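> Dropping the structure in here first, questions after.
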Amino acid sequence: MSEKDDYLVDILVDLGFVTPEKVAELRAEAQSAGVGVVDLMVANGVVRQADVTQAKAAHFGAEVVDLSQIKIPDEVIAAVPRHIARKYRVVPVFKHDNSLTVAIADPSDLDTIDSLTHLLHADISLQVASDADIEAALSKYYGDRGGGMVADPRISQAIKELTEEHVQVEEVMAEDGATVAADAPLIKLVNSLIVDAFKLRASDIHLEPLAKKFRVRYRIDGVLHEMKPPPKRLQAAIISRLKIQSNMSISEHRIPQDGRIQTSVGGKLIDLRVSCLPTNHGESIVMRILDKEGLRLGLPELGFFTDDQQTFERLIGLPDGILLVTGPTGSGKTTTLYSCLHFINRPDRKIITVEDPVEYLLAGINQVQVNEAVGLTFAAALRSILRQAPNVIMIGEIRDLETASIAINASLTGHLVFSTLHTNDAPSAVTRLIDIGVKPFLVASSTRALMAQRLVRKVCKQCAAPYVPTEAEMKQLNMDPASIQSGTFLRGKGCGNCANTGYRGRFGIFEIFVIDDDSRKLIYEKVPASVLRARAREMGMRTLREDGVRKVLAGLTTPDEVIRATVGDED
């Protein structure tokens with residue numbers, strides 16, 4: 001102990017973290033108290049634990065690693081069995097062939113390094129981390145010593161209470177066939193939240209800490225529904241469990257974090273995108289549920305009527321150019337693009353997508369995940385994939401001039417490009433591209449069509465019943481009384497199939513603007529979006545609201561759904 005203190009003290013002095021005079025002052029006090037000089041310096045705040053870690057690393061020529069700031073892949077963790085990691089207090093950080101880099105708190109422990117070399121049959125390289133970071137990482141990646149996932153005693157108490165109050169959770173999990181990682185009731189409760197949401201066809205799970213309760217809401221068919229909440233005292237335990245599952249730092253409560261969870265529910269692989277946001281009463285978590293294997297929509301299932309479907313099929317069959325789908329977040333743009341790719345996916349076409357994130361897996365298509373942390377941006381990925389000689393490219397979203405420029409150049413050199421923009425209607429996409437910085441003549445020459453869309457809820461087939469729309473509804477939708485005679489107006493009464501909402505499922509309403517030569521001249525002249533919209537209407541473009549009215553008359557949805565989805569839509 002004294003020898004270790006001596007070399008650390010010398011290094012701390014050499015690095016300027018402490019003065020020789022202060023060391024001399026503390027040495028006598030440390031001897032009388034029977035503690036190490038370095039421990040006393042840390043306890044008195046003379047040096048920080050981070051300074052001690054840096055001193056250890058400097059002495060052995062090793063790097064310092066902050067384990068809380070990195071995500072260690074599962075295959076790297078698997079390189080060191082749990083009992084070895086716990087016994088020797090090491091965390092694997094990087095693996096390549098027969099070389100393994102591990103984080104260790106004391107790089108002077110040669111016996112440990114020698115033992116690891118023999119036990120793991122690998123060449124061991126060292127990085128240095130603090131004792132606290134090592135312990136936190138061991139708990140995060142290997143579980144606590146008792147085999148659980150969290151070492152917080154408050155969580156253990158919460159689980160104990162949960163055992164007494166939520167015995168029925170075990171039956172729910174077994175019935176639904178979800179994969180349960182352990183027998184802890186807390187884990188079963190968290191898994192049951194995900195299973196129930198999946199059963200109810202929810203797209204999002206919202207866990208929101210309020211002053212006196214921990215609210216749980218599911219977004220089903222675009223509308224939030226409040227569920228029976230778990231006890232408020234389990235709030236911290238549930239949030240910590242989800243943060244561990246999604247590889248977030250459970251010790252960080254001040255900044256937003258993002259993560260992912262992959263799990264199997266009823267034999268289906270689902271992916272959850274997890275967002276954690278600090279709020280007044282704790283951390284709010286939202287999980288977006290993505291059924292990676294469940295997207296097999298054809299164009300009719302999207303909500304196209306025959307005439308629009310024929311137009312759209314012709315557009316996505318073109319050899320080059322850009323097709324943009326516009327709309328706000330949650331309007332189904334990505335689903336539409338995936339359905340387009342599914343429709344044109346043939347052995348004679350090479351299709352590559354660049355996405356952030358890859359939301360669904362499509363067989364036969366090369367999908368690239370954007371990773372800005374390592375420099376793989378949309379623009380960087382696009383530059384590379386053009387050398388892969390694709391026929392069709394799908395870009396998750398055009399966000400900046402660089403991405404837009406590369407996409408347009410790709411479309412002008414014989415590629416068909418699909419992408420999305422956040423605009424309210426189809427003609428506004430042109431204005432948006434020009435505002436980003438794209439030259440008008442490039443927009444005019446590359447763009448083949450623009451399509452805006454919204455999602456509306458579908459009337460439940462099992463409880464649909466005829467009804468007569470009100471005068472106010474007819475006025476807002478510009479329907480004349482003759483429509484009542486020719487149309488089929490249906491509204492769901494509410495049943496078990498639709499959870500008494502009257503709706504089950506959603507489909508799209510669309511606004512398709514096909515660019516012709518006259519439109520290109522207008523784009524080149526940088527006319528306002530209102531002029532382009534007038535030109536599109538002359539060509540026969542139906543607005544979102546007009547397409548919605550057609551679907552109301554067909555009995556597929558209700559007037560209030562179309563009014564809600566197309567508020568502000570110009571007639």
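> May I have the pair-distance distribution P(r) for the stretch 511-571, computed from all Cα-Cα distances with 10 Å bins from 0 and rounded to whole percent?
22, 41, 25, 11, 0
> Is the shape of the stretch 62-113 rounded, prolate or oblate, going by the alpha carbon gyration tensor and its root eigenvalues a ≥ b ≥ c, with a/c under 1.5 for rounded and a/b larger than b/c for prolate?
On the way: a/c = 1.44, a/b = 1.18, b/c = 1.22.
Rounded shape, in that the Cα axes give a/c under 1.5.
> I've got another one for you. Ignoring ligands, DNA and RNA, what accessible area per residue does the stretch 198-271 give at 1.4 Å, in Å²?
Working: 3540 Å² over 74 residues.
Averaged over the residues of the stretch 198-271, the accessible area is 48 Å².
> Continuing with this model, one more query. What length, rounded to one decimal in nm, is gained on full extension from D400 through to R201, with 0.36 nm per residue of separation minus their alpha-carbon distance?
Numbers: separation 199, 0.36 × 199 = 71.64 nm, distance 3.41 nm.
Stretched fully, the D400-R201 segment lengthens by 68.2 nm.
> Suppose R0 equals 22 Å. What FRET efficiency, 1/(1 + (r/R0)^6) with r the Cβ-Cβ distance, do L386 and R520 give to the nearest 0.05? Mind dumping the intermediate values first?
Numbers: r = 25 Å, r/R0 = 1.12.
Computed FRET efficiency for L386 and R520: 0.35.
> Which whole-number percent is the relative contact order of the chain (Cα, under 8 Å, 6+ apart)? Show your work: numbers first, answer last.
Details: 948 pairs, mean separation 46.2, N = 571.
With pairs under 8 Å counted, the relative contact order is 8 percent.
> Here is a further query. Under the 0.36 nm per residue contour assumption, what length would be gained going from the current alpha-carbon distance of D348 and K461 to full extension?
On the way: separation 113, 0.36 × 113 = 40.68 nm, distance 3.97 nm.
So the extension gain works out to 36.7 nm.
> Determine the calculated [θ] at 222 nm for the chain from helices alone, applying -39500 (n - 2.57) to every DSSP H run no shorter than 4 residues and normalising by the residue count; nearest 500 deg cm²/dmol.
-12000 deg cm²/dmol, from helical runs alone.
> Another question about this same structure. Quick check for you: with a 1.4 Å probe and neighbouring chains kept, what is the accessible area per residue of the stretch 337-490, in Å²?
Values: 6900 Å² over 154 residues.
On a per-residue basis, the stretch 337-490 sits at 45 Å².
> Quick check: pseudo-label points 7 Å beyond the Cα along Cα→Cβ at D106 and K22, how many nm apart are they?
For the pair D106/K22, the computed spacing is 2.5 nm.
> Could you list, by residue number, the cysteines of the chain that have no other cysteine's beta carbon within less than 4.7 Å of their beta carbon?
Here C276, C340 come out as lacking a disulfide-compatible partner, given the Cβ-Cβ threshold of under 4.7 Å.
> Filter the trypsin sites (Lys or Arg not before Pro) in the stretch 405-491 to those in DSSP coil with at most 15 other Cβ atoms within 10 Å of their Cβ, and list the result.
Details: sites: R432, R448, R454, R457, K458, K461, K475, R491; in loops: K461.
Within the stretch 405-491, the qualifying trypsin sites (Lys or Arg not before Pro) (loop, at most 15 other Cβ atoms within 10 Å) are K461.
> Moving to a separate point now. Pairs to check: K71/K199; K212/K243; K87/K188; K268/K350. Give those whose C-alpha atoms are more than 24 Å from each other in this structure. Could you put the intermediate results ahead of the total?
Working: K71/K199 31 Å; K212/K243 22 Å; K87/K188 30 Å; K268/K350 28 Å.
The pairs that break the limit, which is 24 Å between Cα atoms, are K71/K199; K87/K188; K268/K350.
> State in Å² the accessible area per residue of the stretch 7-139; use a 1.4 Å probe, count heavy atoms of protein chains only, and round to the nearest integer. Don't skip to the answer; put the middle values down first.
Working: 6970 Å² over 133 residues.
Heavy-atom accessible area per residue stands at 52 Å².
> Right, another one. Which FRET efficiency, nearest 0.05, do Q309 and V374 yield, Cβ-Cβ r, R0 41 Å? Intermediate values should be presented prior to the final figure.
Working: r = 41 Å, r/R0 = 0.99.
In this case the efficiency is close to 0.50.
> Please find the FRET efficiency linking K212 to A472, where r is the Cβ-Cβ separation and R0 is fixed at 51 Å, and quote it to the nearest 0.05.
On the way: r = 39 Å, r/R0 = 0.76.
With R0 = 51 Å, the Cβ-Cβ based efficiency is 0.85.
> Ok, one more. Could you give the distance between the Cα centres of the stretch 267-339 and the stretch 67-137, to the whole Å?
41
> Of the listed values (1) 73, 69, 57; (2) 99, 59, 44; (3) 110, 58, 50, identify the label whose number matches Cα extents along the principal axes in Å calculated from this model.
Label of the calculated value: (2).
> For D97 and A78, calculate 0.36 nm times their separation in residues minus their Cα-Cα distance, and state this gained length in nm to one decimal. Intermediate results must be reported in sequence, preceding the final value.
Details: separation 19, 0.36 × 19 = 6.84 nm, distance 1.39 nm.
So the chain would gain 5.4 nm between D97 and A78.
> Separate question: How far apart, in nm, are two points set 7 Å out from the Cα along the Cα-to-Cβ line at K232 and at S68?
2.8
> Now for a separate question. Counting DSSP beta bridges with both partners in the chain, what percentage is antiparallel, nearest 5?
Rounded to the nearest five, the antiparallel share is 65 percent.
> Could you rank the peptides 95-105, 554-564 by their average count of other C-beta atoms within 10 Å per residue, with the highest value first?
Details: 95-105: 17.6, 554-564: 19.9.
The peptides rank, most packed first, as 554-564, 95-105.
> Of all accessible surface on the stretch 196-355 at a 1.4 Å probe, what whole percent is carbon and sulfur? Walk me through the numbers before you get to the answer.
Working: 3580 of 6950 Å².
Using a 1.4 Å probe with all protein chains present, the stretch 196-355 comes out at 52 percent carbon and sulfur.
> Rounded, prolate or oblate for the stretch 320-449? Axes are the square roots of the Cα gyration tensor eigenvalues, ordered a ≥ b ≥ c, and the cut-off for rounded is a/c under 1.5. Could you put the intermediate results ahead of the total?
Working: a/c = 1.32, a/b = 1.27, b/c = 1.04.
In terms of gyration-tensor shape, rounded.
> Give the residue from C498, Q476, G487 lying farthest towards the positive end of the charge dipole for the stretch 450-511; charges sit on Cβ (+1 for Lys and Arg, -1 for Asp and Glu) and the dipole is referred to the Cα centre.
Sorting the options by dipole projection puts first C498.
The values are calculated or read from the model by the stated rules, or taken from the named source; none is laboratory data. Every value quoted in this text rests on a predicted model; they were computed, and no experiment measured them. Virtual Cβ from ideal backbone geometry, glycine too; neighbours counted across all protein chains shown. Accessible surface is based on the protein model in full, side chains and every heavy atom, while ligands, DNA and RNA are left aside. Shrake-Rupley method; radii C 1.70, N 1.55, O 1.52, S 1.80 Å.
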